[in-house]
Structure formats: C-alpha cells, structure tokens
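The values are calculated or read from the model by the stated rules, or taken from the named source; none is laboratory data. Since this is a predicted model, take the numbers as computed values, not measurements. Here the Cβ positions follow ideal geometry from the backbone for every residue, glycine too, while neighbour counts run over all protein chains shown.
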Amino acid sequence: MSHGETERHGDDDGFAGPWWRFPIIRDALLAGVLIGMTWAVSHPGGLSRLEPFGFAAAAILGGHHFFREGLEELWKERQVGIEILMAAAAIGAAILGLWDEAAILVFLYAVAEGLEEYAYARTRSAIRTLLDLAPKEATVLRDGREETIPATALVPGDRFVVRPGEALATDGVIREGSSALDESPVTGESMPVEKGPGHSVFAGSLNKQGALTVEATASFEDNTLSKIIHLVEEAQERKGRLQRFIERFGNRYTPAVLVAAILLLLVPPVFGQPFLPWALRAVVLLVAAAPCALVMSTPVAVAAGIGTAGRHGVLIKGGLHLENLGRVRVVAFDKTGTLTEGKPEVTNIVPVAGTSRENLLTLAASVEQRSEHPLGKTIVGRAEKEGVPLQPVHDFEALTGLGAKARINGTDVFVGSPALLEERGISLGPVQSDVERLQGEGKTVIAVGKDQSLVGLLAVRDRIRPGARKVLKSLQRVGLKVAMLTGDNERTAAAMAKELGLKHFHAALKPEEKVQYVQRMERELGPVAMVGDGINDAPALAAATVGIAMGVAGTDAAVEAADVALMADDLEKVVYAVRLGRAARTISTQNIVFSLLILGVLIPGALIGALSIVLAVVAHEGSELIAVANGLRVARYRAVRA
C-alpha cells in the first residue's frame, strides 16, 4: 500500500463497473490464470524449461500497476513505498529460483491491492450517487411554451416545471404552486416538507404532490447537491492527526524494513552462515514486515465515515474533525435558533404610565428595522402585523450583546436588555416586578428607553425545538456533559434550562464571553463541540474543538465557517455525528491494534525461518483485506432516532 494512497485512489473515483473489471483486479486475475496454466503444463514435466518465462509473464502482468507506482514514488518523492518492498521480494524470489512463489506473491498482492483500491474508490465516490437523484432534463417555460432541455443548460432566472413524482433539476424558488417535497438527499430529513410560493427548494428534492413552477437560482454545476458532493470529496482528502502520524511512521519504517532485509542478506554469510536460507528469510521479511494493514487502518474508516455522513445531511469537513467528534466530552448549545426554533413571538407589550401601547411598539420597531438580530426582526414583524407606522431613524448603532440605539426626531432611543437601560441611567423601578415575572416565565425581556425616561417593555418567547429535550438526554446517556450558552438573562435562561432538563447553563453572555466559556470547558472537561445556527455563533464555533453549524442548507458562508455542517434544523443529527465519530475512532483503533499484532507475529516468524513466501504473503494480504473490510463498516452506520 503506497503512502500516497489518497492521491492514487482519487484516480479511480469514477469507476462504476463490477469489481472484476477494475483494472488492477482484472490484470491480477489474468495473471492468476496464467500462473495456473503454467503450473499445469510444466509440472507433468513437459515444458519445465519454459516455466520461468510463464511465471515471469504472470508477475509482470499482475504487478505492473504497483511496480510503476513504486518506481514513481521512489523517483519523484524520494520515498521507499511498500510497492518497492513487494517488487524487491518478487525479484529476490526469482533470483533464488523460486519463480512460482515470486508469481504467486505478485498475484496475491495485486488481488489484495486491487480489492482495497476498488473498495476505497467506491467508498470515496459513493456520495456521487446523489447526483443521480437530480434529473438529467428539465422542462423550462419559454415564451409561454414548455421546452425540454438538458439540466446542465439551466441558468439562474430560468423557470421550469416540476410535476408530481419528479425531482428538481437545480436549486430555485417556488413561484407558483404548493407541494410537499422530500428533501432527504440534501438535508437528510426523512419527512416531506410543505412548501409554497417564495420558499427555497434544492436540487434532487422529490416533488410528492402538486405541480410547481420554480425559478432557478443556481446552475446545475453550482447547486446545493453538487456543492455537497464537492465538499465531501474535499473533506475525504483532509487527514486527521492519527492518519498523518501513521503515514509519517510508514515513511520511516518502510525504508528500515528494506535496510533490515539487505542486512539479513549480507551479514550472516560474513559469519560463515549459508547464503540461501538467510536470503530466503530476507525475502520473506520484505513481505511479512510491510505495513499495509497499518497504513490502511484509518483512511478507509475516515473516507467511509465522511461519505456516509454526507448522504445523511451531515457535512464533516475532514478527517481531523471526524476524529475530534470521537473525542468530544462536552456539547455546548447556543439557545436561540438552536435549542429553540428561532421563530420568536412578541407575547407581552407593557407600556409605562403616560405612554400608549402603539407608541411603545412604534419606537421599538423603528430602531429595530435596521437590526439584523432575530429578536429585532420579530418586533418589526409584530408592528407590521398591527399596522403600526415606523418612523425614520438616524445614527443607528448595534450594541453587541445589549441591543441597539438610534435617533428618532432628534431624540436618542434605546432598545435592548434591561441592563442596557440601567447602564444609561434609566430606572426600571416602575416595571421591575414585570421584568422579574416575565423572565421567570422564560421570556426574553426587551426594554425601551427614550432619552433618560423609560417607555416600556416587550416580552419575546421562542418555542423550544421539538425533540430537543430528548436529544439532550441522549447525549447525556452516552456520557457527554451538555451545557447551554445564551445571551439571555439568568432568570430566562434558568426557566429554559429547567424546561429542557439541563443542569448546566451560562447566561447573559456576550459573543466574546461565549468563546471564553468554550475555552474554559475545554481546559477543565475535555474536547468541546459547540452547536450553533451559523454566522451569529461563528466566534464560539471557531473556538471549540468541533464547531457544528445547523440548518445551513443553501447557506454557503455557514457551511464554510463550520467544522461540521448539519444541512437541516435537526438536533438529532448532532447525536448521529458524535456517535459516527466515536464509531470511526473505535474502528480505526481496532485496525491499528490488529495491524500491530499481525506485524508482531509475522516479523519474528520471518526472522526465524518459520514462514514461506506464500504463507507470509497470504497472512499479509489477508490482514490488509480484514483491515479494509473493518474500516468499511463505518459506511453502514445509520442515523437512529435519539
């Protein structure tokens, strides 16, 4: 197995035929037939002089793939790869006159190498089957007529028709019609989603019911499905710490094996030992000590894990992040938009004496119309719903972690947490009891002040995401500590934590304080996974061992910012990702231990002469195939409900 296996496997990613047509396996099988024919003809005594030629031809036919790779690696990278060990062993056996064993060595190694490369290529390219879910043609509307064109010809702005039972050719926005869509290829969500005019839809989604007219927002090459495939394939190239360590070890260990075999060949005769037995041991050592199974202990598990996660709507951005998921000891959740649905509602409007309800809502919504904060948008939405007019504002300023301020008709207006008004010297005395009552109900209280006077309060409540409590319990059951980090005040956070069944929470946190808490938990408790809803939580996501952004389908920036991206707003995918990381880590560890045990048996056996070439190569290639098969078990890991 070459140390450049990732690059080499990548050359075969497009192979989709049966295993026996895979080039390396095909040539190895033909070599096996030639070995059988040569043995059958020569052993009765008819063509014994031609026997070396038949076995040599079989060795060249079966081994030319890895012979060439070994020479290229030696010439271009100045590295002695495992292929060089096998080539040296085959040549050594031939020099010793063991033509049949040389050919069998090449045949068995080529078959094992071919099966391993085929499995690796299929694992890495399995995510590409998602593209088959998107139709190859689309029915576009041109001048009021329907016209069928290749899906690859769609451009943003084209309108195309999607009938019941058809899949979407590319991303778009529904312009006409309503239907339930199966978006599982993109989001991993098994339940159909109801969508209508104005809703975004994704390539590969299956239209279950009504006819839709969709306006394309991306070309076929740039749609969400294509981006998922590209991201997963890129991620499979990125290696974890363990994999990089093993490859560095292999780069030093493999030349050492070659040197040891040469010493075994040359030193004993100097001390009067017979040449042939020690030469045979040197050849066997080249085979027995080659670290194929060790080098393949992690790449297959990593590639399989990242690929299967991608098909379940979980994008893991590289082997390092899959490895880190398996190490996580703490999972920290942002509250708004993560543990809650991110669709808050204004539940209470409390003006102070002398202020009308309408005036309070007007001032708050006028300031918040410039804000990007979800709670601000909620207030603006409530004002629009009630038909309250908004006033022009000047000098708007977002006050991170506190709220916002602006000038309306020459007067400073503050909208934000009660702490913001207290900092400005505005007393909450008249409504202090209301603040405590509303916070005790788990609501977020927003205070509104004008100059140095209090205008009133707004209370906002976000619904807890369905199944959130169950997911948190599932994480706790597998031995993880779970915490909530929120900018809400202590009372609101405590009420929410109680409803969620959480013991650990940290409230009234500004973005930079969330980062500090993540770093503190990592120091005290171990690796931390931070779960947030994308860009708003970017600093904390970046600070965590693993940053997990959820609900990012169609959101390029959030996908790029996170280590792990959940395409849907599904908290159960967090449980799935952590369990998958643990499974991949466990299987990689199993492979490493198994590989070292095999080397621990084969190397002494070669040195004491207890192994023949054929027995060594059977044990060696068998262990490699076992390691590959064990690694592929990660691909069968399925998401389960929490």
Test: residue in the range 211-232 that is in a loop (DSSP other than H, G, I, E, B), at pLDDT 85 or above, of a type outside the set (Ser, Thr, Tyr) and at positive phi: no
Collect the residues in the range 398-444 that are of a type in the set (Ser, Thr, Tyr) and either in contact with a Lys or Arg (Cβ under 6 Å, 6 or more places away or on another chain) or in contact (Cβ under 8 Å) with a residue 12 or more places away in the chain (or both), keeping them in residue-number order. 400, 411, 417, 427, 444
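Results for (1) buried (at least 22 other Cβ atoms within 10 Å of the Cβ); (2) among the aromatic types (Phe, Trp, Tyr); (3) farther than 30 Å from residue 408 by Cα; (4) out of contact with any Cys (no Cβ under 8 Å at 6 or more places or on another chain), shown as yes or no for each residue.
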| position | (1), (2), (3), (4) |
| --- | --- |
| 449 | yes, no, no, yes |
| 465 | no, no, yes, yes |
| 470 | no, no, yes, yes |
| 477 | no, no, yes, yes |
| 488 | yes, no, no, yes |
| 510 | no, no, no, yes |
Within the range 72-86, work out how many residues are out of contact with any Ser or Thr (no Cβ under 9 Å at 6 or more places or on another chain), surrounded by fewer than 24 Cβ atoms within 10 Å (Cβ to Cβ) and touching a residue at least 12 places away in the same chain (Cβ under 8 Å). 1
For the range 259-270, indicate whether the set of residues that are more than 20 Å from residue 595 (Cα to Cα) and not in a helix (DSSP H, G or I) is non-empty. no
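Yes/no matrix, rows are residues, columns are (1) outside any strand (DSSP E or B); (2) at pLDDT below 90:
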{"site": "135", "(1), (2)": "yes, yes"}
{"site": "157", "(1), (2)": "yes, no"}
{"site": "161", "(1), (2)": "no, no"}
{"site": "169", "(1), (2)": "yes, no"}
{"site": "175", "(1), (2)": "no, no"}
{"site": "185", "(1), (2)": "yes, yes"}
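Can you tell me which residue among 270, 314, 295 is assigned by TED's automatic domain parsing to the domain that holds residue 603 and touching a residue at least 60 places away in the same chain (Cβ under 8 Å)?
Details: 270 fails: touching a residue at least 60 places away in the same chain (Cβ under 8 Å); 314 fails: assigned by TED's automatic domain parsing to the domain that holds residue 603.
None of the others qualify; the one that does is 295.
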Within the group 283, 257, which residue is touching a residue at least 40 places away in the same chain (Cβ under 8 Å), of a type in the set (A, V, I, L, M) and touching a Gly at 6+ places or on another chain (Cβ under 8 Å)? 283
When residues of the range 392-411 are filtered for being surrounded by 15 or more Cβ atoms within 10 Å (Cβ to Cβ) and either over 43 Å from the mean Cα position of the chain (by Cα) or polar (S, T, N, Q) (or both), how many remain? 3
Output the number of the condition that residue 80 fails; it satisfies all remaining conditions of (1) within 25 Å of residue 304 (Cα to Cα); (2) modelled with pLDDT under 85; (3) not acidic (Asp, Glu). (1)
Would you confirm whether any residue within the range 97-111 is surrounded by 15 or more Cβ atoms within 10 Å (Cβ to Cβ) and not in a helix (DSSP H, G or I)? yes
Residue list for the range 183-202, filter: more than 19 Å from residue 550 (Cα to Cα) and under 28 Å from the mean Cα position of the chain (by Cα): 194, 195
Residue selected from the range 318-356 under the condition small (Gly, Ala, Ser) and in a helix (DSSP H, G or I), by the criterion surrounded by the most Cβ atoms within 10 Å (Cβ to Cβ): 319
Considering only residues that are among the basic types (Lys, Arg) and under 19 Å from the mean Cα position of the chain (by Cα), look in the range 267-323 and name the one that is modelled with the highest pLDDT. 317
Among 238, 163, the single one that is basic (Lys, Arg) and either exposed (fewer than 15 other Cβ atoms within 10 Å of the Cβ) or out of contact with any Gly (no Cβ under 6 Å at 6 or more places or on another chain) (or both) is 163
Give the residue, chosen from 518, 455, 531, that is surrounded by 21 or more Cβ atoms within 10 Å (Cβ to Cβ), part of a strand (DSSP E or B), of a type outside the set (Asp, Glu) and within 23 Å of the chain's Cα centre (by Cα). 531
